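Data first, discussion second: the structure below is written as structure tokens.
The values are calculated or read from the model by the stated rules, or taken from the named source; none is laboratory data. These figures come from a predicted structure and were not determined experimentally. Glycine gets a Cβ as well: all are built from the backbone with ideal geometry, and neighbour counts include every protein chain shown.
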Amino acid sequence: MLSCTDPQSLEGLSWLACYLTTGKHMAFYTSFGTVLILIAVTAPVSLAFGFFGAMAARGPVPVRWLGQGYIAIVRGVPDIVFFLFFVIALDQAFEYARHKVLCPDWDQPVRQGNDFIVCAAAKLPLGTAPQWLHEVYGFALAVITFAIVFGAFAANVLYGAMRAVPRAQMETAEAYGMSPRQTFWRILVPQMWVYALPGLSNLWMVLIKATPLLFLLGIEDIVYWARDLGGTKTPQFTEYPHGDWRMWYFLALLVFYLALTRVSEIVLGRLMQRLTLGQATSGGEAQRKVAA
Amino acid sequence: MSCWETIADYGLRSVGIGERLLPRSDFTLCQQVVLIGSGMIWNIYFGILALCGGFFLAVATAVGKASGNRAARKASEWFIFLFRGSPLFIQFFFAYFAFLSLKSVSPVFDPFTSAGLGALAVLFLNTAAYSGEIFYGALQSIPKGDLEAAEAYGLTGWTKFRRITFPTMLRLAWPAYTNEAIFLFHATTLVFFSGFPAWQQKGDALYYASYFADKTFNPFVPYPIVAGYFILATLVIITLFGAANRRLNRHLPQERRAKLRIRPMVIR
């Protein structure tokens, strides 16, 4: 077993092995998990947002404007603007709502010049809360922000997919006497996925490639740690002094993301094969001919 | 202080002309609109130069990927994979720190550590990879009949490419390329958040917007201003590319002309 108690005496590979297993590096490795958790949580939540957005965009007039406006605005504006905006705006909205409920007899305005002041009981998380609660709250805000932005993207994809389902399928369902609700859930929803998948897989790639923006939302993610660990370290402050290695740390992140997107590409390709099976599309027809 | 004075002081602040210090307190709406608008100069600079330069590399990449030459095909495929498979944000960081390290090797890399050149290089390569894939897709879907007709007329090699393949490819790729132009333009907002320093606080629109949001702790004014500017810019892009699209399709019979969809894909 390697002993890392005296790094100055170590050399070459054993030095590297000790260096790469310091406490801070362990935090760095954990942050890769943070990214994966973010993807795993955000993807289904934004799909749900997108589903409701698409349903709204197909609905009666006032609701339709809401749905289509939601889709249109996110398109015209860079996503990073939304990220920076929502992370503060959501925080202030939550605190303001709690402030109204918890401190009804507070008479000063909430915005005083350049400050946003709510009563102590309305602070989120409470000033007395432990550190981990602050981190979880920050992460939750990030997830909601991602879900709002990607929900709009997903809504656009699903809206297109719902319109792509052949009209004859819906008419047949109506001819069998199904109600609009039954037609929607039993005919439209099961069939739309094959039309939605190319757009959704594209979206999945975009989601993966948007995860480094977590850094801008104030989360200690892989970008944060790569900058922190890679910076020049002098012998005064660390047992493992080294020069400016940030380039190599970011190279490692590049490789990580390339691997992630490559694996996703392969998996999504397989999934598409599976979903196309037996569908009334050119892809499905091609598969049928190969099998026959 | 009237708004005209503010425009005179801060209208060109992002390129270093005018008042040296940014406003520090009592921010007026006029100051925010002017300074953020001044930052748009950088977004437009990055967007136009990267797009124009990237266009040529993209065509080369697409032709390379579609060619029979194995070396050219592999090189193009790897180039596209490298830049499309990783986040632009990380590419910026990596490029900045790489240029910083290379600076000690040769002074040639010195200007690349500034946003104006270093980030432009990354954006140029990035958009070339994305557009290269778009153009490759278009190359693959050129109608076989068009190429056969060209050959029947005796067109070969360069002449055939210049007269038939290239214009048809451009025509087919144009709606997707419009989308790419919009997204590249949006991507320019990442530059000053990704290592590249905003020297003397000369930054882009989002840099100034986040400056105001940090100082006032009120996101509801500066971010909608940036959003407004970008929606305007998106509309300009759609108009310009729509005009180009009409020109590319003008030889087709009226009903076959592909209309540029007002709302193409939402994602890159």
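Name the single residue, out of those in region B:218-268 being among the polar types (S, T, N, Q) and under 30 Å from B:PHE27 (Cα atoms), that is modelled with the lowest pLDDT.
Only one residue fits best here, namely B:ASN218.
If I go through region A:207-241 residue by residue, how many of them are more than 13 Å from chain B (Cβ to nearest Cβ), in contact with a helix residue (DSSP H, G or I) (Cβ under 7 Å, 6 or more places away or on another chain) and surrounded by 16 or more Cβ atoms within 10 Å (Cβ to Cβ)?
3
Residues B:GLY154, B:GLY132: which one is modelled with pLDDT of 90 or more, over 12 Å from the mean Cα position of the chain (by Cα), within 30 Å of B:ALA98 (Cα to Cα) and small (Gly, Ala, Ser)?
Unique residue meeting the criteria: B:GLY132.
What number of residues within region B:124-180 satisfy the criterion of being surrounded by 15 or more Cβ atoms within 10 Å (Cβ to Cβ) and not in a helix (DSSP H, G or I)?
2
Filter region A:158-202 down to the residues that are more than 17 Å from A:LEU275 (Cα to Cα) and in contact with a Leu (Cβ under 9 Å, 6 or more places away or on another chain), then identify the one that is modelled with the highest pLDDT.
Per the criteria, the residue is A:ALA173.
Which members of region B:32-88 meet the condition of being over 24 Å from B:GLY228 (Cβ atoms) and within 14 Å of chain A (Cβ to nearest Cβ)?
Once the filter is applied, which keeps residues that are over 24 Å from B:GLY228 (Cβ atoms) and within 14 Å of chain A (Cβ to nearest Cβ), region B:32-88 yields B:GLU77, B:TRP78, B:PHE79, B:ILE80, B:PHE81, B:LEU82, B:PHE83, B:ARG84, B:GLY85, B:SER86, B:PRO87.
Scan region A:133-154 and give yes if some residue there is within 14 Å of chain B (Cβ to nearest Cβ) and out of contact with any Phe, Trp or Tyr (no Cβ under 9 Å at 6 or more places or on another chain), otherwise no.
yes
Do you know which of the residues in region B:190-201 that are more than 11 Å from every other protein chain (Cβ to nearest Cβ) and outside any helix (DSSP H, G or I) is surrounded by the fewest Cβ atoms within 10 Å (Cβ to Cβ)?
This residue is B:PRO197.
Go through (1) more than 8 Å from chain B (Cβ to nearest Cβ); (2) not in a helix (DSSP H, G or I) and name the single condition A:ASP244 misses.
Exception for A:ASP244: condition (1).
Could you please tell me which pairs satisfy a Cβ distance under 6 Å, a separation of 6+ or placement on different chains, a first residue in region A:223-240 that is farther than 17 Å from B:LEU100 by Cα, and a second residue that is aromatic (Phe, Trp, Tyr) and modelled with pLDDT of 75 or more?
A:VAL223/A:PHE215; A:TYR224/A:PHE215; A:TRP225/A:PHE28; A:TYR240/A:TYR19
Does A:PHE86 count as under 27 Å from A:ASN156 (Cβ atoms) and touching a residue at least 24 places away in the same chain (Cβ under 8 Å)?
So A:PHE86 passes the test.
Please go through region A:120-147 and pick out each residue that is part of a loop (DSSP other than H, G, I, E, B) and in contact with a helix residue (DSSP H, G or I) (Cβ under 9 Å, 6 or more places away or on another chain).
Those that are part of a loop (DSSP other than H, G, I, E, B) and in contact with a helix residue (DSSP H, G or I) (Cβ under 9 Å, 6 or more places away or on another chain): A:LYS123, A:LEU124, A:PRO125, A:LEU126, A:GLY127, A:ALA129.
For B:LEU12, all conditions in the list (1) modelled with pLDDT of 85 or more; (2) touching a Gly at 6+ places or on another chain (Cβ under 6 Å); (3) surrounded by 17 or more Cβ atoms within 10 Å (Cβ to Cβ); (4) not aromatic (Phe, Trp, Tyr) hold save one; what is the number of the exception?
(3)
Go through (1) part of a helix (DSSP H, G or I); (2) of a type outside the set (Val, Ile, Thr); (3) away from every other protein chain (no Cβ under 14 Å); (4) surrounded by fewer than 19 Cβ atoms within 10 Å (Cβ to Cβ) for A:SER264 and report which single condition fails.
Among (1) part of a helix (DSSP H, G or I); (2) of a type outside the set (Val, Ile, Thr); (3) away from every other protein chain (no Cβ under 14 Å); (4) surrounded by fewer than 19 Cβ atoms within 10 Å (Cβ to Cβ), the lone unmet condition for A:SER264 is (3).
Scan region B:202-224 for residues that are more than 9 Å from every other protein chain (Cβ to nearest Cβ) and surrounded by fewer than 19 Cβ atoms within 10 Å (Cβ to Cβ) and report the count.
Here the count works out to 2.
List, please: which pairs have Cβ atoms under 8 Å, are six or more places apart or on different chains, and start with a residue in region B:226-237 that is at the interface with chain A (Cβ under 9 Å from one of its Cβ atoms) and assigned to a helix (DSSP H, G or I) and end with one that is β-branched (Val, Ile, Thr) and surrounded by fewer than 15 Cβ atoms within 10 Å (Cβ to Cβ)?
If the second residue must be β-branched (Val, Ile, Thr) and surrounded by fewer than 15 Cβ atoms within 10 Å (Cβ to Cβ), the pairs left are B:ALA227/A:ILE73.
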